[in-house]
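These notes are about the structure you will find just below.
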Amino acid sequence: MRSFPAGAIVTTLCFLSAMAACDKLPGKPQEADRPLRPSEVKDFAKLYGENCSGCHGIDGKFGAALPLQHPVYLALVDDVALRHVIAEGVPGTAMPPFARSAGGVLTDEQIDLLIGGMRQRWARPDVVAGASLPPYASDGGGDATRGRDVYAASCKSCHGPDGAGTAKVGSIVDASYLALISNQALRTLVIAGRPDLEHPDWRGDTPGQPLAAQQVTDVVAWLATQRTEFPGQPYPRQLQGESKQ
């Protein structure tokens, strides 16, 4: 049997001990310090901050889009509709799809975490207690002529006689604005309002005089008629008489 010098054995043991300690060298990250893969993020604050806050606001309000820290909105929309909007986006608007299956970056589990987190932090089911909340979606039976009358009775005091705005608020018939918002988003705005911008919900500023579901549908139909087909583009009548360059 071959024997090894005692010094060689000690040297070998020291070498193996040093190798085992490599993961503890100063500056070397531990496993807990390693960044998570995007699909591994399970923290609501991180998911919301990286994917939603740019449009809906850092704390779910005061963003360019509808606030999500909005109890009336969360009472209006169910999980199925909310998941569809997050996962699939809203075609023709600035809301992109976030589900991986639709070209986004979030897993189904992460979308569920966002929905659950919003409800846990911001929902207040009692906020519409005793009120007749109009349905989230319309059956498509709106009448624009009746909607004009609804607008005149309930909206023009803030938005002006034709919706072009006042010193208090901006235009809601602006071509660019209407090009960026869907009919469903208009309906949601009329029903839920925007408390962060002091826009009342469907119950309005006058107690006891809420809009009926059909009135909501009609006023959205009127707003939809104010859209231009190609906002920002010249129309044939603007080109008449112009010489070709």
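Structure data summary
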| quantity | calculated |
| --- | --- |
| Global geometry of the stretch 94-245, whether rounded, prolate or oblate, following the gyration tensor of its Cα atoms and the 1.5 cut on a/c | oblate |
| Normalised alpha carbon radius of gyration of the stretch 123-203 [divisor 2.2 N^0.38 Å] | 1.16 |
| Mean Cα-pair separation over length for the stretch 82-215, i.e. relative contact order, pairs under 8 Å, 6 or more apart, % | 18 percent |
| Full-extension gain in nm, F62 to A45, via 0.36 nm per residue minus C-alpha separation | 4.4 nm |
| Neighbour cut-off at most 15 other Cβ (10 Å), DSSP loop, trypsin sites (Lys or Arg not before Pro), the stretch 117-198 | K168 |
| Estimated dipole of the stretch 69-194 in Debye, rounded to 20 [Cβ of Lys and Arg +1, of Asp and Glu -1, Cα centre] | 380 debye |
| Heavy-atom surface of the stretch 113-158, accessible at 1.4 Å and reported per residue (Å²) | 60 Å² |
| Aspartates and glutamates whose Cα lies under 15 Å from that of K42, excluding same-chain neighbours fewer than 8 positions away | E50, D108, E109, D112 |
| Order by protection proxy (mean Cβ within 10 Å, highest first), peptides 39-46, 198-205, 64-71 | 64-71, 198-205, 39-46 |
| Accessible carbon and sulfur surface of the stretch 92-245 relative to its total accessible area, %, 1.4 Å | 53 percent |
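The values are calculated or read from the model by the stated rules, or taken from the named source; none is laboratory data. Please read these numbers as outputs of a predicted model, since none were measured by experiment. Here Cβ is always computed from backbone atoms with ideal geometry, including for glycine, and neighbour counts include all displayed protein chains. Accessible surface areas use protein heavy atoms only, side chains included; no ligands, DNA or RNA. Shrake-Rupley method; radii C 1.70, N 1.55, O 1.52, S 1.80 Å.
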